[in-house]
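First the structure, in the form of structure tokens, and then the observations on it.
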Amino acid sequence: MKEQYQETYENQHCPLDGRTASHTLWLVKSTCTRCSDEVLDFSCSLDPDCRECISEYP
């Protein structure tokens, strides 16, 4: 099974209204150093259902 981990990014700005938010990402470790880790899930502290910012994370 691939290694999974969580990262939190504080002080991110919402593209919809400019408010400050925290983004939490759940990722799976890539098997190759040339590839980005795969995002399994994404959550925003302002709106857990919003997915606007997920494109900022490869």
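Put simply, of Tyr9, Tyr57 the only residue that is modelled with pLDDT of 90 or more and not small (Gly, Ala, Ser) is Tyr9.
Going residue by residue through the stretch 19-27, is there one that turns out to be surrounded by 11 or more Cβ atoms within 10 Å (Cβ to Cβ), at pLDDT 90 or above and among the β-branched types (Val, Ile, Thr)? Within the stretch 19-27 (the criterion being surrounded by 11 or more Cβ atoms within 10 Å (Cβ to Cβ), at pLDDT 90 or above and among the β-branched types (Val, Ile, Thr)), the answer is yes, since at least one residue qualifies. Considering only residues that are of a type outside the set (Phe, Trp, Tyr), within 13 Å of the chain's Cα centre (by Cα) and assigned to a strand (DSSP E or B), which ones fall in the stretch 14-41? Of everything in the stretch 14-41, those that are of a type outside the set (Phe, Trp, Tyr), within 13 Å of the chain's Cα centre (by Cα) and assigned to a strand (DSSP E or B) turn out to be Ala21, Ser22, His23, Thr24, Leu25, Leu27, Val28, Glu38, Val39, Leu40, Asp41. Kindly check whether there is at least one residue in the stretch 42-58 that is part of a loop (DSSP other than H, G, I, E, B), polar (S, T, N, Q) and open to solvent by 60 Å² or more (accessible area, probe 1.4 Å). Yes, the stretch 42-58 contains a residue that is part of a loop (DSSP other than H, G, I, E, B), polar (S, T, N, Q) and open to solvent by 60 Å² or more (accessible area, probe 1.4 Å). Going by what's in this entry, would Ser36 be described as in contact with a Pro (Cβ under 6 Å, 6 or more places away or on another chain) and either open to solvent by 50 Å² or more (accessible area, probe 1.4 Å) or modelled with pLDDT of 90 or more (or both)? For Ser36, the condition - in contact with a Pro (Cβ under 6 Å, 6 or more places away or on another chain) and either open to solvent by 50 Å² or more (accessible area, probe 1.4 Å) or modelled with pLDDT of 90 or more (or both) - is met.
The values are calculated or read from the model by the stated rules, or taken from the named source; none is laboratory data. Owing to the predicted nature of the structure, the values given are computational and were not obtained by experimental measurement. Cβ: placed from backbone, ideal geometry, glycine included. Neighbour counts: every protein chain shown. Accessible surface areas use protein heavy atoms only, side chains included; no ligands, DNA or RNA. Shrake-Rupley method; radii C 1.70, N 1.55, O 1.52, S 1.80 Å.
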